[in-house]
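Here the structure is laid out as structure tokens; the discussion comes afterwards.
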Amino acid sequence: MTFLELCKKRYSCRKYSDKPLEKEKLDQILEAAQTAPSAHNQQPWKIYVLQSPEALAKVDAVSPCRYGAGTVLAFAYSSDEEWVNNREETKYPSGQIDVSIMATHAILQAAELDVDSTWVMDFSFDAFKKSLPLADNEYPVLLMPLGYAADDCQPAPVHVVRKPLDEFVTCM
Ligand SMILES: Cc1cc2nc3c(=O)[nH]c(=O)nc-3n(C[C@H](O)[C@H](O)[C@H](O)COP(=O)(O)O)c2cc1C
């Protein structure tokens, strides 16, 4: 499979089966995340692997988007460890960018292993931070349910809807 084929294969899974995620696959997904670049290589990342009934109940309490997955990765960053671009009057911290890159590594590694996934931002960040709990200097970015799609799960129709390149690429 080429990289482009892999990118096209991934879709947002919104109904998971009961089949558990193998530890070897989870480990490989985490290792792929670890290879991500980060600003100044400061790696402000935090990943919480949520699999116990108690931890999954905390996800359900803050989001409708677990979709029955037995594993959820919660991605966060430490504001003490992120790099900050101080060149301008407006400061541009890297934490959310760094975490988004590593989560993209994880989601594509999952797809290569035939593991289904969802990128979830529809959750109460403050309630999640409190209930996990995250440290004061840690901020959540996304939840990522992982597992195997239920037999009747299909990509949403928008999965194949993308703007044409000439709408967002400018050649100068
Ligand atoms: C930043 C971000 C936030 C998202 N949040 C959610 C979410 O909370 N719940 C959900 O079901 N899907 C969520 N998605 C998935 C998108 O809806 C999905 O990627 C988009 O509709 C394209 O479909 P596809 O992933 O199947 O190609 C999110 C995706 C991104 C990148």
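To keep it simple, each residue is scored yes or no on (1) more than 27 Å from Lys23 (Cβ to Cβ); (2) surrounded by 12 or more Cβ atoms within 10 Å (Cβ to Cβ).
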{"site": "Ser94", "(1), (2)": "yes, yes"}
{"site": "Asp126", "(1), (2)": "yes, no"}
{"site": "Pro133", "(1), (2)": "no, no"}
{"site": "Val141", "(1), (2)": "no, yes"}
{"site": "Ala150", "(1), (2)": "no, yes"}
Hey, can you tell me all the residues within the stretch 116-166 that are of a type in the set (D, E, K, R), over 22 Å from Leu26 (Cβ atoms) and out of contact with any Asp or Glu (no Cβ under 9 Å at 6 or more places or on another chain)? Asp122, Asp126, Lys130, Asp136, Asp151, Asp152, Arg162, Lys163, Asp166
Please verify whether the stretch 74-89 includes one or more residues that are surrounded by fewer than 17 Cβ atoms within 10 Å (Cβ to Cβ), more than 25 Å from His159 (Cα to Cα), more than 16 Å from the ligand (Cβ to nearest atom) and aromatic (Phe, Trp, Tyr). no
Out of Lys25, Lys19, sole residue that is more than 16 Å from the ligand (Cβ to nearest atom), of a type in the set (Lys, Arg) and surrounded by 15 or more Cβ atoms within 10 Å (Cβ to Cβ): Lys25
Name the one entry in Ala36, Ala110 that is under 15 Å from the mean Cα position of the chain (by Cα), at pLDDT 95 or above and buried (at least 19 other Cβ atoms within 10 Å of the Cβ). Ala110
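Okay, residues lined up against (1) of a type in the set (Gly, Ala, Ser); (2) over 24 Å from Gln42 (Cα atoms):
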| position | (1), (2) |
| --- | --- |
| Thr104 | no, no |
| Ala110 | yes, yes |
| Asp126 | no, yes |
| Lys130 | no, yes |
| Ala149 | yes, yes |
| Ala156 | yes, yes |
| Lys163 | no, yes |
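The values are calculated or read from the model by the stated rules, or taken from the named source; none is laboratory data. Bear in mind that the values here come from a model prediction, so they are computed numbers and not experimental data. Cβ sites come from the backbone with ideal geometry, for glycine too, and all protein chains shown count toward neighbours.
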